[in-house]
């Protein structure tokens with residue numbers, strides 16, 4: 001019997017949530033589910049501390065050869081700075097959203113016995129994606145995340161949620177098969193599946209394989225033009241589910257795009273960098289404009305996700321350490337802010353029973369004060385105003401664009417930032433309006449937002465603000481093991 | 001031409017037919033059928049790869065396909081449950097093209 | 001079999017596969033499409049056999065054609081009233097043409113690529129050659145079983161989670177239904193029929209077959225997947241003949257069976273992790289017994305979810321004695 005070291009924790013952060021999900025199947029009560037979630041948070045948190053300490057100490061990725069079989073025969077788990085960034089984001093968002101769900105689920109009739117196993121399995125799948133080093137294993141864990149996330153969208157029932165869930169499922173399954181086709185081609189040509197040992201050279205067959213894998217992941221990540229399923233699914237899901245879908249689940253697929261194009265087939269990037277960056281640009285503009293036109297709060301936030309995911313693809317044309325850091329910081333800060341925003345939107349819906357912006361004029365006082373603070377803080381980060389992680393991320397990206405003399409990308413960043421400010425100020429202006437009496441402030445009204453729901457949203461929003469101050473040390477951790485094609489270019 | 005090549009071409013044809021089915025058939029059960037056939041086409045390609053060397057058959061793609069078959073039946077079963085529920089609640093078996101309100 | 005005969009056989013099989021696949025898509029009647037899909041699965045099983053993939057053939061016949069077919073027919077019985085709605089073909093002609101173009105280009109691209117790749121010689125060394133070379137170190141003599149339960153055991157373990165999630169996902173969308181719905185497989189009037197009697201005779205044989213498939217997996221075609229699928233088929237038969245009834249809740253033992261595969265597999269993995277530092281690195285002397293233990297647990301945890309998904313109920317029960325008319 002030995003104490004688990006960082007390499008063992010790499011396995012345990014997948015199996016703790018998995019076994020917690022299994023335990024939630026055996027003990028379906030609310031109390032058990034809550035304790036299992038807390039235990040999962042504590043144990044995986046400890047594991048992440050151990051992994052981070054090792055990473056900072058040794059300055060190189062942690063790996064674990066499962067079954068004792070070296071790649072390419074076995075499957076290797078692998079964690080570097082990028083993995084840690086996503087793992088920590090998952091930890092914070094899942095913990096806060098679980099806290100929110102503790103109060104939200106009973107109030108909205110969500111069956112604990114069904115919710116908890118799906119929720120914990122989703123946590124397991126996210127951790128598993130971020131430490132996976134194998135192309136086929138990624139297919140399996142992405143299917144876990146799909147089959148956990150889609151039922152969570154539909155769990156509260158309702159015609160709109162069911163339709164949204166089905167559309168989500170069809171896109172996700174199609175994406176998985178297209179991905180698998182690409183992986184099959186890679187295996188046929190090279191006979192191996194490990195992301196870090198494959199040496200893929202530019203040839204037509206492998207370009208097609210990379211294209212298929214990318215298309216499949218884009219469908220899962222809701223990147224333009226495969227985004228149509230996202231706004232209904234993310235806006236119709238229960239609030240804690242919306243939060244983890246937008247902050248984490250779609251990002252798992254984007255994470256894989258970053259990982260594969262920079263580690264597994266960096267040789268293929270040349271032409272593709274502009275295509276990917278271009279799609280990102282279209283997403284940024286298209287998503288923002290549509291967010292501006294929505295009449296329902298959660299749909300504004302969902303379209304905002306479509307737009308904000310586009311930023312992550314800018315790393316390919318910019319290709320520098322600054323851009324890399326900017327994108328990692330953007331992934332993390334957007335995750336926190338977007339999850340906080342969705343939870344806050346859920347709190348508003350909890351009191352009003354709807355999320356039509358029209359009926360939300362001037363509801364910012366009274367029982368929604370804390371929620372409104374969380375919403376405003378999240379909005380600041382999403383717009384990229386200081387002080388926030390969002391500002392830091394956009395500043396890094398802008399700097400990267402200016403240093404590379406890429407004026408076009410710099411202009412795009414500014415335009416997208418202005419559009420984000422426009423759709424978010426529009427929402428805030430409605431909520432904070434003082435021209436009508438607050439419909440919720442009527443005397444005698446005892447409606448309130450449960451503490452857990454208000455504070456979980458605020459925690460995430462504060463987290464995205466604090467990133468502005470913790471940026472420096474975090475970026476040091478997150479940059480460990482950065483890909484050569486990023487560090488080889490300009491940058492500090 | 002060798003048998004694996006023949007079956008790979010067959011996989012290509014099935015894949016194309018399934019893509020057509022997915023795009024042209026609005027009925028959700030038919031879409032799930034098409035997705036299943038796409039999956040089988042990919043599996044067939046993998047197994048054809050495994051058979052290229054006439055001496056040894058590569059067991060890794062076979063294992064991948066077995067895993068894939070179980071995942072496919074899981075996803076199909078869940079998808080069908082969702083379709084049945086949608087039908088019971090709304091009487092529809094397809095996704096309307098109109099936008100979510 | 002002579003060379004020429006085997007070419008003719010392969011050629012006919014491929015043509016049949018393509019025709020049946022086209023029938024699945026083009027037939028205007030949903031029921032026919034489902035039946036054609038089952039035929040497609042059975043033909044596919046023959047194709048797997050021709051490609052020296054007997055494991056896959058068994059799994060495809062049992063799961064791909066059998067269980068998936070049963071699930072589709074179960075769904076069809078729910079949706080049967082929409083058959084009469086025919087799509088309006090005329091306004092869609094242009095759209096269809098575009099789709100046909102997409103499909104044709106997809107198929108062409110795929111075909112060209114498959115051709116190119118299959119001409120490329122198999123890589124000198126890779127996971128496959130290593131798997132064959134390291135077979136002796138695994139405790140089983142069958143390559144596919146070694147890959148599933150040793151070299152790439154992590155995938156197999158996680159895939160059990162996918163199956164579990166399908167059950168919970170299906171429950172999440174079906175159970176929140178406010179009105180009780182009629183049992184899609186009413187057992188009225190089926191007792192005493194020939195089928196029920198036949199199932200009674202077959203049941204022990206099927207269990208023995210599953211046990212054999214499980215046992216033989218270490219040496220030849222077979223294993224937990226195939227055994228689990230055969231057991232699931234038995235469950236479907238018992239459900240259809242009324243020897244198993246839907247239950248509104250899953251009992252504790254049933255939930256345990258549902259997750260037995262995940263528990264045993266994970267605990268073996270964690271034991272090796274804490275003992276030797278590496279997940280699922282079986283000690284040499286223990287490799288075979290551990291693999292067998294895991295396979296037994298996997299078998300029941302593959303069978304039960306599939307039966308539950310077919311039954312469309314959270315749990316199963318045997319009918320009370322007084323119900324047995």
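What follows draws every value from the coordinates through simple rules; no lab data is involved. These numbers come from a predicted model, not from an experiment. Glycine also receives a Cβ, built like all others from the backbone with ideal geometry; neighbour counts cover every protein chain displayed.
In the protein assembly as shown, what is the volume of the convex hull around the alpha carbon atoms, normalised per residue and reported in Å³?
163
Kindly provide the helix-only [θ] at 222 nm of chain C, computed as the sum of -39,500 (n - 2.57) over DSSP H runs of four or more divided by all residues, to the nearest 500 deg cm²/dmol?
The helix-only estimate for chain C comes to -22000 deg cm²/dmol at 222 nm.
With the Cα gyration tensor of segment A:335-388 giving a ≥ b ≥ c as the square roots of its eigenvalues, does the rule (a/c under 1.5 for rounded; else a/b larger than b/c for prolate; else oblate) give rounded, prolate or oblate?
The shape class here is prolate.
Roughly what would the spin-label model give for residue C:274 and residue C:318, points 7 Å off Cα along C-beta, in nm?
Each label point is offset 7 Å from its Cα along the Cβ direction, giving 3.7 nm.
Work out, step by step, the length gained on full extension between residue C:80 and residue C:29: first 0.36 nm times the residue separation, then minus their alpha carbon distance; give nm to one decimal.
17.3 nm
May I ask you to sort C:234, A:43, A:297 by Cβ crowding, counting other Cβ atoms within 10 Å and putting the fewest first?
Result, fewest neighbours first: A:43, C:234, A:297.
Please find the FRET efficiency linking residue A:49 to residue A:487, where r is the Cβ-Cβ separation and R0 is fixed at 22 Å, and quote it to the nearest 0.05.
Values: r = 26 Å, r/R0 = 1.18.
Here the calculated transfer efficiency is 0.25.
Over chain A, what per residue volume does the convex hull of the Cα atoms give, in whole Å³?
Spread over its residues, the Cα hull of chain A gives 131 Å³ apiece.
Got the relative contact order for segment A:360-421 handy, in percent, Cα pairs under 8 Å and 6 or more residues apart?
Details: 33 pairs, mean separation 13.5, N = 62.
The normalised contact order for segment A:360-421 reaches 22 percent.
Using a simple spin-label model with points 7 Å from Cα along the Cα→Cβ vector, what separation in nm is obtained for residue A:207 and residue C:201?
According to this spin-label approximation, the distance is 6.4 nm.
Subtracting the Cα-Cα distance from 0.36 nm times the residue separation, let me have the gained length for residue A:358 to residue A:42 in nm, one decimal.
109.6 nm
Cut-off is 10 Å between beta-carbons; in what order do B:69, A:155, C:263 appear when sorted fewest neighbours first?
Lowest count first: C:263, B:69, A:155.
From a point 7 Å beyond the Cα of residue A:289 in the direction of its Cβ, which residues of segment A:214-249 have a backbone N at a distance under 19 Å?
Answer for segment A:214-249: A:223-231.
Whole Å is fine, so just give me how far the alpha carbon centre of segment A:380-422 lies from that of segment A:146-163.
What the calculation gives is 34 Å, centre to centre.
Just rank A:324, A:455, fewest to most, by other beta-carbon atoms within 10 angstrom.
The most exposed by this proxy come first: A:455, A:324.
In a Gaussian network model over chain C where Cα atoms closer than 10 Å are linked, find which of C:20, C:29, C:199 has the largest mean-square fluctuation.
Comparing C:20, C:29, C:199 in the GNM, the peak value goes to C:29.
For residue A:466 paired with residue B:2, estimate the spin-label separation in nm (one decimal), with each label point 7 Å from Cα along the Cα-to-Cβ line.
6.0
How large is the translational diffusion coefficient of segment A:270-492 in µm² per second when you combine the Kirkwood radius over alpha carbon pairs with Stokes-Einstein at 4 °C and 1.567 mPa s?
Estimated diffusion coefficient is 72 µm²/s.
Rounded to the nearest 500, what is the 222 nm mean residue ellipticity of chain B from helices alone, with -39500 (n - 2.57) per DSSP H run of 4+ residues and division by all residues?
Details: 3 runs with 77 residues, N = 101.
Value at 222 nm, helices only, nearest 500: -27000 deg cm²/dmol.
Nearest 500 deg cm²/dmol is fine: what mean residue ellipticity at 222 nm does chain A get from its DSSP H runs of n ≥ 4 alone, each adding -39,500 (n - 2.57), divided by its residue count?
-24500 deg cm²/dmol
Mind giving me the FRET efficiency for residue C:2 and residue C:267? R0 is 60 Å, r the Cβ-Cβ distance, nearest 0.05 is fine.
My answer for the efficiency is 0.70.
On C-alpha positions alone, give me the angle between the axis of helix A:389-403 and the longest principal axis of chain A, in degrees, nearest 10.
Computed tilt is about 50 degrees.
Would you mind calculating the gained length between residue C:19 and residue C:208 on full extension (0.36 nm times residue separation, minus the Cα-Cα distance), in nm to one decimal?
Answer, rounded to one decimal: 64.4 nm.
How much FRET efficiency would the formula 1/(1 + (r/R0)^6) give for residue C:134 and residue A:435, where r is the Cβ-Cβ distance and R0 is 51 Å, rounded to 0.05?
0.10
Rounding to the nearest 10 and keeping the result within 0 to 90°, find how far the Cα-based axis of helix A:407-431 lies from the longest principal axis of chain A.
For helix A:407-431, the angle is close to 30 degrees.
In terms of the Cα gyration tensor, with a ≥ b ≥ c the square roots of its eigenvalues, is segment C:1-79 rounded because a/c is under 1.5, prolate because a/b exceeds b/c, or oblate?
oblate
Quantify how strongly other chains surround peptide C:138-146 by giving the mean number of their Cβ atoms within 10 Å of each of its Cβ atoms.
Numbers: counts 2, 0, 0, 0, 1, 7, 9, 3, 2.
So the per-residue partner count for this stretch is 3.
Label segment B:3-90 by shape, choosing from rounded, prolate and oblate, from the square roots a ≥ b ≥ c of the eigenvalues of the Cα gyration tensor; if a/c is under 1.5 it is rounded, and otherwise prolate applies when a/b is larger than b/c, oblate when it is not.
Oblate is the answer for segment B:3-90, as a/c is 1.5 or above yet b/c matches or exceeds a/b.
Output the 0 to 90 degree angle, nearest 10, between the alpha-carbon long axis of helix A:451-478 and the longest principal axis computed from the alpha carbons of chain A.
Rounded to the nearest ten degrees, it is 30.
Across the Cα atoms of segment A:50-178, what radius of gyration and what greatest pairwise Cα-Cα distance (Dmax) are found, in Å?
17.3, 53
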